[in-house]
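Below is one structure, written out as structure tokens, with a few remarks after it.
Each reported figure results from applying straightforward, stated rules to the coordinates on display, with no laboratory input. None of the values given here were measured: they were computed from a predicted structure. Cβ coordinates were reconstructed from backbone atoms using ideal geometry, including for glycine residues, and neighbour counts include every protein chain displayed.
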Amino acid sequence: MMKAFILAAGKGTRMMPLTSNTPKPLLPVAGKPILQHTIDILEDRLDEIIILVGWQAKRLKDELHSKKAELRYVRQDELLGTADAVNNARKYIDDDFICMNGDVIISENTLHDFIDYFKKEDSCVMSLAEVEDPSSFGVVIKEGGVVKDILEKPEEPPSNMVNAGLYGFTKEIFDAIDETEKSPRGEYEITDSLKILMDESTLRGFDIEKNNWFEMSRPWDLLSTNKYMLSNGFIEEKREGKIEDGVHLEGFVRVEKDAHIKQGAYIKGPVYIGEGADIGPNCLVRAHTYIGKNCKVGNAVEVKNSIIMENTNVPHHNYVGDSVLGRDCNLGSGTKVANLRLDEKNIIVTHRGEKVDTGRRKLGVIMGDRVKTGINSMMNTGTIIGEGTFIGPGALANGEIGEESKIQ
């Protein structure tokens with residue numbers, strides 16, 4: 001049976017501060033780590049999934065699992081580019097194989113259709129997706145189902161079709177990699193290998209329909225992906241744990257084992273509540289919210305369209321909207337997050353020193369791990385807070401705040 005080779009060795013720096021401690025493929029969305037969604041789909045069609053790991057390899061091994069397929073891990077210590085990453089498959093694969101980035105999510109039907117299409121072809125296949133702004137992607141030119149050119153991050157893109165990071169490779173790809181030279185940035189790029197392949201053979205394109213491919217480049221992309229997946233049946237509904245009398249559950253609400261939802265909690269789905277989470281009493285959890293394992297959402301708290309990662313406490317008198325909170329954080333009583341500009345224009349953030357238009361009218365805080373806030377502290381729209389930071393009582397957090405900072 002065909003094998004899969006998944007690229008998961010990178011550091012995911014564009015997702016900082018969320019990836020300060022956590023590999024990007026382990027960031028949670030719609031109830032699971034990003035890469036776990038892919039494994040759960042691939043295991044129905046493939047009997048072995050090989051995962052290329054590097055930074056935080058042990059965590060990937062510990063937190064990923066498969067009920068049906070064998071998971072094998074291959075370590076890449078030196079990051080020399082995507083072509084070099086794919087070349088690591090050479091020792092472990094002796095036939096056609098599926099290759100994909102470990103930080104994208106593709107719907108079950110689409111991924112299965114891609115595998116079926118590739119099996120029928122006698123050539124390599126790359127997946128294509130249409131995006132609104134292709135300037136930060138590899139833009140693809142296709143004629144009659146055949147890929148003719150790939151333009152890496154062009155200033156004036158000739159189309160909106162981009163490389164979606166899912167490939168079907170024959171052994172021809174290794175010959176093309178052998179001919180690939182270093183790019184101007186000093187790496188061996190898989191797009192250069194694909195261009196060599198196009199000159200010597202045929203590279204077919206497989207179009208992915210809208211809302212079946214999710215590429216998360218920046219931290220706030222998790223919110224839109226989480227929203228769509230919770231709203232469109234990507235995970236099944238179940239209600240375990242303890243749900244007290246006087247709890248109102250509306251719409252899709254998934255409650256994992258050992259979660260405890262207390263009297264007076266009002267939860268309007270779609271919402272995911274993780275294992276061991278403690279919800280209530282007397283709180284409001286609004287649509288498109290992910291609450292992770294062992295989190296606390298307590299009395300007089302409102303959470304809306306947010307991702308709260310495991311072991312984080314939002315315990316009392318808090319508002320958190322359109323935000324991503326990392327692991328092991330604690331909000332003091334009265335901490336509030338602003339998520340809408342007074343002029344209602346798009347939220348502009350400073351991310352890794354660069355001004356970025358998020359394209360979102362609502363965005364609260366992106367918070368790294370182990371952040372603690374004092375009572376009545378405030379966070380302005382689009383604030384990004386590095387791990388281990390303290391926000392003092394009554395303080396205003398604004399802009400981009402480095403790790404281990406103290407804001408008074």
Item to check | Likely footprinting exposure, R254, R72, fewest C-beta neighbours within 10 Å first | outcome: R72, R254
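Of all DSSP beta bridges in the chain, what percent run antiparallel (nearest 5)? Kindly include the intermediate steps, with their values, before the conclusion.
Working: 27 of 99 bridges.
The antiparallel fraction comes to roughly 25 percent.
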Checklist entry - To the nearest 0.05, how large is the calculated FRET efficiency for H248 and N160 if R₀ is 60 Å and r is the Cβ-Cβ distance? => result 0.90
Checklist outcome for this item: Neighbour-count ranking for H288, H248, H260 (other C-beta within 10 angstrom, fewest to most) reads H248, H260, H288
Checklist outcome for this item: The simple spin-label model distance between K67 and R286, using points 7 Å out along Cα→Cβ, in nm, is 3.5
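For segment 3-217, what class follows from the C-alpha gyration tensor (a ≥ b ≥ c being the square roots of its eigenvalues): rounded when a/c is under 1.5, otherwise prolate if a/b is larger than b/c, else oblate? Intermediate results must be reported in sequence, preceding the final value.
Values: a/c = 1.30, a/b = 1.25, b/c = 1.04.
Rounded is the answer for segment 3-217, as its axis ratio a/c remains below 1.5.
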Item to check | Inter-probe distance in nm under a simple model that places probes 7 Å from Cα toward Cβ, at S123 and R361 | outcome: 4.5
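Just how large is the dipole of the chain about the Cα centre, in debye to the nearest 20, putting +1 at every Lys and Arg Cβ and -1 at every Asp and Glu Cβ?
Details: 51 positive and 65 negative charges, 394 e Å.
Using only the charged Cβ atoms, the result is roughly 1900 debye.
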Checklist entry - What fraction of the DSSP beta bridges in segment 299-408 is antiparallel, stated in percent and rounded to the nearest 5? => result 15
Checklist entry - For segment 89-123, list residues with backbone N below 14 Å from a point placed 7 Å from the Cα of E209 toward its Cβ? => result 107-114
Item to check | Contour minus Cα-Cα distance for S217 and K182 (0.36 nm per residue) | outcome: 10.2 nm
Item to check | Shape call, the chain: gyration tensor on alpha carbons, a/c limit 1.5 | outcome: prolate
Checklist outcome for this item: Restricting to Cα pairs under 8 Å and 6 or more apart, the percent relative contact order of the chain works out to 11
Checklist entry - Tell me, in nm to one decimal, what length is gained between N232 and K11 on full extension, where the rule is 0.36 nm per residue of separation less the Cα-Cα distance? => result 76.6 nm
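Taking neighbour counts of Cβ atoms within 10 Å as a proxy for exposure, in what order, fewest first, do T225, T350 appear? Could you put the intermediate results ahead of the total?
On the way: T225 20, T350 15.
Ranked by crowding around the Cβ, least crowded first: T350, T225.
Under a Cβ-Cβ cut-off of 15 Å, what is the net charge of the residues other than Y319 that fall near it, where Lys and Arg count +1 and Asp and Glu count -1? Present the calculation step by step, with values, prior to reporting the outcome.
Values: positive: R286, K304, K336, K362; negative: E302, D322.
Here the charged neighbours net out to +2.
Around D103, what is the net charge, scoring Lys/Arg as +1 and Asp/Glu as -1 over all other residues with Cβ under 14 Å from its Cβ?
Numbers: positive: K11, R14, K24, K32, R218; negative: E215, D221.
For residues surrounding D103, the net value is +3.
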Next on the checklist: Pairs of alpha-carbon atoms within less than 8 angstrom and 6+ residues apart define the contacts here; what relative contact order does segment 236-407 have, in percent?
Outcome noted: 12
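How much length is gained on full extension from R341 to K153, taking 0.36 nm per residue of separation minus their Cα-Cα distance?
Between R341 and K153, full extension yields 64.6 nm more.
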Next on the checklist: Residue by residue through segment 235-245, what is 3J(HN,Hα) from phi via Karplus (6.51 cos²θ - 1.76 cosθ + 1.60, θ = phi - 60°)? Round to whole Hz and write x for glycine and proline.
Outcome noted: 10, 7, 7, 7, 9, 10, x, 10, 10, 6, 4
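What is the sum of charges around K227, taking Lys and Arg as +1, Asp and Glu as -1, for the other residues whose C-beta is under 13 Å from the C-beta of K227? Write down the numbers at each step before the final one.
Details: positive: R286, K304, R360, K362; negative: D221, D322.
Summing Lys/Arg as +1 and Asp/Glu as -1 gives +2.
Add -39500 (n - 2.57) for each DSSP H run of 4 or more in the chain, then divide by its residues: what number comes out at 222 nm, to the nearest 500 deg cm²/dmol? Please list the in-between numbers first.
Details: 7 runs with 64 residues, N = 408.
One gets -4500 deg cm²/dmol as the mean residue ellipticity at 222 nm.
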